[in-house]
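The values are calculated or read from the model by the stated rules, or taken from the named source; none is laboratory data. None of the values given here were measured: they were computed from a predicted structure. Neighbour counts run over all protein chains shown; Cβ positions are idealised from the backbone, glycine included.
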Amino acid sequence: MSAQTQPPAPDRLLTAEEYAQLPEVDGYRDELVRGRVVREPSPGWPHGRVQSLLSARLVMFVEEHDLGYAGVETGFIVERGPDTVRGPDVWYVSRERLGDEQGELYAELGPDLAVEVLSPSNRPRELAEELAQYFGAGTRLAWVIDPKQRRAQVYRPGREVRALHEQDELEGEDVVPGFRCRLADVLGPPPPTG
């Protein structure tokens, strides 16, 4: 390991730029939260399936309507001093809002739409902190999808949380105009009973 890729001393906070230089660790995903690397196990099958099905629909819709950019697990700098880099499971940023922010590192903004798919390692307090960071950086809409319970929650700044069940639709509202998708379609078939 070169000196450039060695992790810093544990008591020193990282910048987003230093975080970008760290080597990947197989079997884990990580984010930078207030200067410290937070690592969690890679998500399992239900998470990956929901993420794939939703991102495929969202990316195709965004490209077909030339709205901007959509993708998965891309870092966004949502706080500075100390730095926080979050990687939503699925995201969308409008062309107007991203502008020239595309670069070799991370965009310094919250995506217009941030989607988190729950995994067993997620904790409510950490999720609340993450959503607050997204909204503080300009995110306008967030969906939190729970594959195990087969439901979702819709978050908008200053509004009540809305619960969705599997027959309800995820709607882009004024953030991703025209995008609609039944939650059941991204959850896949229910697990077998019996």
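Please determine whether any residue of the range 140-156 is under 15 Å from the mean Cα position of the chain (by Cα) and acidic (Asp, Glu).
Yes, the range 140-156 contains a residue that is under 15 Å from the mean Cα position of the chain (by Cα) and acidic (Asp, Glu).
Does the range 170-181 contain at least one residue that is among the basic types (Lys, Arg) and outside any strand (DSSP E or B)?
Filtering the range 170-181 for residues among the basic types (Lys, Arg) gives 180.
Next cut, outside any strand (DSSP E or B) only: none.
No, the range 170-181 has no match at all.
Which of the residues spanning the range 140-155 are in contact (Cβ under 8 Å) with a residue 60 or more places away in the chain, within 18 Å of Pro88 (Cβ to Cβ) and either part of a loop (DSSP other than H, G, I, E, B) or among the polar types (S, T, N, Q) (or both)? Break it down into steps so the answer makes sense when it comes.
Step one: filter the range 140-155 for residues in contact (Cβ under 8 Å) with a residue 60 or more places away in the chain, giving 145, 147-148.
The next check asks that each one be within 18 Å of Pro88 (Cβ to Cβ); those that pass are 145, 147.
Of everything in the range 140-155, just one residue is in contact (Cβ under 8 Å) with a residue 60 or more places away in the chain, within 18 Å of Pro88 (Cβ to Cβ) and either part of a loop (DSSP other than H, G, I, E, B) or among the polar types (S, T, N, Q) (or both), namely Pro147.
Would a scan of the range 103-110 turn up a residue that is within 20 Å of Arg39 (Cα to Cα) and of a type in the set (D, E, K, R)?
Taking the range 103-110 first, the residues within 20 Å of Arg39 (Cα to Cα) are 105-106.
Remaining after also requiring of a type in the set (D, E, K, R): none.
There is no residue in the range 103-110 that is within 20 Å of Arg39 (Cα to Cα) and of a type in the set (D, E, K, R).
Looking at Gly110, Gly81, can you tell me which residue is surrounded by fewer than 23 Cβ atoms within 10 Å (Cβ to Cβ) and farther than 23 Å from Pro41 by Cβ?
From the options Gly110, Gly81, the qualifying one is Gly81.
Output yes when any residue across the range 172-180 is surrounded by fewer than 16 Cβ atoms within 10 Å (Cβ to Cβ), touching a Phe, Trp or Tyr at 6+ places or on another chain (Cβ under 8 Å) and not acidic (Asp, Glu), and no when none is. I'd like the intermediate steps shown before the answer.
Narrowing the range 172-180 to residues surrounded by fewer than 16 Cβ atoms within 10 Å (Cβ to Cβ): 173-174, 177-178, 180.
Those still in the list that are touching a Phe, Trp or Tyr at 6+ places or on another chain (Cβ under 8 Å) too: 178.
From what is left, the residues that are not acidic (Asp, Glu) are 178.
Yes, that holds for at least one residue.
I'd like the full set of residues that are surrounded by fewer than 20 Cβ atoms within 10 Å (Cβ to Cβ) and part of a loop (DSSP other than H, G, I, E, B), limited to the range 130-139.
Within the range 130-139, Gly138 is the sole residue that qualifies.
Take the residues in the range 53-68 that are without any contact (Cβ under 8 Å) to a residue 40 or more places away in the chain and either surrounded by 16 or more Cβ atoms within 10 Å (Cβ to Cβ) or in contact with an Asp or Glu (Cβ under 9 Å, 6 or more places away or on another chain) (or both); name whichever of them is farthest from Thr84 (Cα to Cα).
Here is the first cut: in the range 53-68, the ones without any contact (Cβ under 8 Å) to a residue 40 or more places away in the chain are 55-56, 59-60, 63-64, 66.
Narrowing the set further to residues that are either surrounded by 16 or more Cβ atoms within 10 Å (Cβ to Cβ) or in contact with an Asp or Glu (Cβ under 9 Å, 6 or more places away or on another chain) (or both) leaves 55, 59.
Numbers: Ser55: 23, Val59: 25 Å.
Step by step, filter the range 53-68, then rank; the result is Val59.
In the range 23-49, which residue that is touching a Leu at 6+ places or on another chain (Cβ under 8 Å) and hydrophobic (A, V, I, L, M, F, W, C) is surrounded by the fewest Cβ atoms within 10 Å (Cβ to Cβ)?
The residue in question is Val38.
Going residue by residue through the range 156-168, is there one that turns out to be in a strand (DSSP E or B) and either surrounded by 17 or more Cβ atoms within 10 Å (Cβ to Cβ) or aromatic (Phe, Trp, Tyr) (or both)?
Taking the range 156-168 as the starting set, the residues that turn out to be in a strand (DSSP E or B) are 162-165.
This time we only want the ones that are either surrounded by 17 or more Cβ atoms within 10 Å (Cβ to Cβ) or aromatic (Phe, Trp, Tyr) (or both), so: 164.
Yes, the conditions are met somewhere in the range 156-168.
Confirm whether Leu127 is part of a loop (DSSP other than H, G, I, E, B), surrounded by fewer than 20 Cβ atoms within 10 Å (Cβ to Cβ) and of a type in the set (A, V, I, L, M). Walk me through it before giving the result.
Working: part of a loop (DSSP other than H, G, I, E, B): no; surrounded by fewer than 20 Cβ atoms within 10 Å (Cβ to Cβ): yes; of a type in the set (A, V, I, L, M): yes.
Answer is no for this residue.
In the list Pro189, Pro82, Pro120, Pro111, which residue meets the criterion of being within 18 Å of the chain's Cα centre (by Cα), over 16 Å from Leu67 (Cβ atoms), assigned to a loop (DSSP other than H, G, I, E, B) and not polar (S, T, N, Q)?
Numbers: Pro189 fails: within 18 Å of the chain's Cα centre (by Cα); Pro82 fails: within 18 Å of the chain's Cα centre (by Cα); Pro111 fails: over 16 Å from Leu67 (Cβ atoms).
Only one candidate passes the filter, namely Pro120.
Scan the range 77-98 and give yes if some residue there is at pLDDT below 95 and on the phi > 0 side of the Ramachandran plot, otherwise no.
Checked the range 77-98: at least one residue is at pLDDT below 95 and on the phi > 0 side of the Ramachandran plot.
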